[in-house]
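Have a look at the structure below, then the notes.
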Amino acid sequence: MLDQKILKEFKCSGCGDCCRWGGFVLLTENDVRRMASHLELAEQAFIDVHTRLAPNRKQLALLDQEDGSCAFLKGDQCSVYEARPEQCRTFPYAWSVPEGCPELDKLLAKQKSIE
């Protein structure tokens with residue numbers, strides 16, 4: 001987990017890099033409900049068109065584009081931002097990666113230079 005000081009300074013630049021990382025965007029039931037409503041789809045239609053079974057076989061995950069980026073990434077922007085999944089909403093506060101987010105990388109480099 002990141003240092004609280006870094007988290008307080010973090011401001012997303014909207015670059016979309018986090019939407020290009022490999023892995024799985026795991027969905028909760030609330031995510032499915034919110035995203036389906038946002039897209040004006042029935043929940044089952046949303047599931048059928050936009051999800052796959054996650055490797056844990058207990059959850060659904062969003063589909064990816066051919067290049068591995070999120071299917072909802074358009075340019076550098078999330079096309080469902082207002083309804084984005086909880087996993088996306090909580091980055092980097094509940095989870096993060098050791099590198100790859102330009103804004104976090106800057107803050108971490110700044111912190112290392114001070115230490």
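Please verify whether region 41-61 includes one or more residues that are closer than 30 Å to Ala109 by Cβ, exposed (fewer than 14 other Cβ atoms within 10 Å of the Cβ) and under 17 Å from the mean Cα position of the chain (by Cα). Outline the logic, then answer.
As a first pass, look at region 41-61 and keep what is closer than 30 Å to Ala109 by Cβ: none.
No, there is no match, as no residue in region 41-61 is closer than 30 Å to Ala109 by Cβ, exposed (fewer than 14 other Cβ atoms within 10 Å of the Cβ) and under 17 Å from the mean Cα position of the chain (by Cα).
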Exercise for review: Can you give me the number of residues within region 65-89 that are farther than 12 Å from Gly16 by Cα, buried (at least 19 other Cβ atoms within 10 Å of the Cβ) and out of contact with any Asp or Glu (no Cβ under 7 Å at 6 or more places or on another chain)?
Suggested key: 2
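Does Arg52 meet the test of being over 27 Å from Asp3 (Cβ atoms) and either outside any helix (DSSP H, G or I) or touching a residue at least 12 places away in the same chain (Cβ under 8 Å) (or both)? Talk me through it step by step, then tell me what you get.
Details: over 27 Å from Asp3 (Cβ atoms): yes; either outside any helix (DSSP H, G or I) or touching a residue at least 12 places away in the same chain (Cβ under 8 Å) (or both): yes.
Yes, satisfied.
Do the conditions hold for Asp105, that is, is it at pLDDT 95 or above and part of a helix (DSSP H, G or I)? Walk me through how you get there before you give the answer.
On the way: at pLDDT 95 or above: no; part of a helix (DSSP H, G or I): yes.
Against the criterion (at pLDDT 95 or above and part of a helix (DSSP H, G or I)), Asp105 does not qualify.
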Practice item. Identify, by number, the condition in (1) touching an Asp or Glu at 6+ places or on another chain (Cβ under 8 Å); (2) at pLDDT 95 or above; (3) surrounded by 14 or more Cβ atoms within 10 Å (Cβ to Cβ); (4) not small (Gly, Ala, Ser) that Asn30 doesn't meet. Key: (3)
Point to revise | Complete set of residues in region 90-115 that are of a type in the set (Lys, Arg) and surrounded by fewer than 13 Cβ atoms within 10 Å (Cβ to Cβ) | key: Lys110, Lys112
Check your understanding: Of all residues in region 18-37, how many are closer than 16 Å to Val80 by Cα and either within 12 Å of the chain's Cα centre (by Cα) or touching a residue at least 40 places away in the same chain (Cβ under 8 Å) (or both)?
Key -> 12
Check your understanding: Does Leu41 count as at pLDDT 95 or above and either on the phi > 0 side of the Ramachandran plot or in contact with a Phe, Trp or Tyr (Cβ under 8 Å, 6 or more places away or on another chain) (or both)?
Key -> no
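The values are calculated or read from the model by the stated rules, or taken from the named source; none is laboratory data. Small disclaimer: the values here were computed from a predicted structure and weren't measured. Positions of Cβ are backbone-derived with ideal geometry, glycine not excepted, and every protein chain shown enters the neighbour counts.
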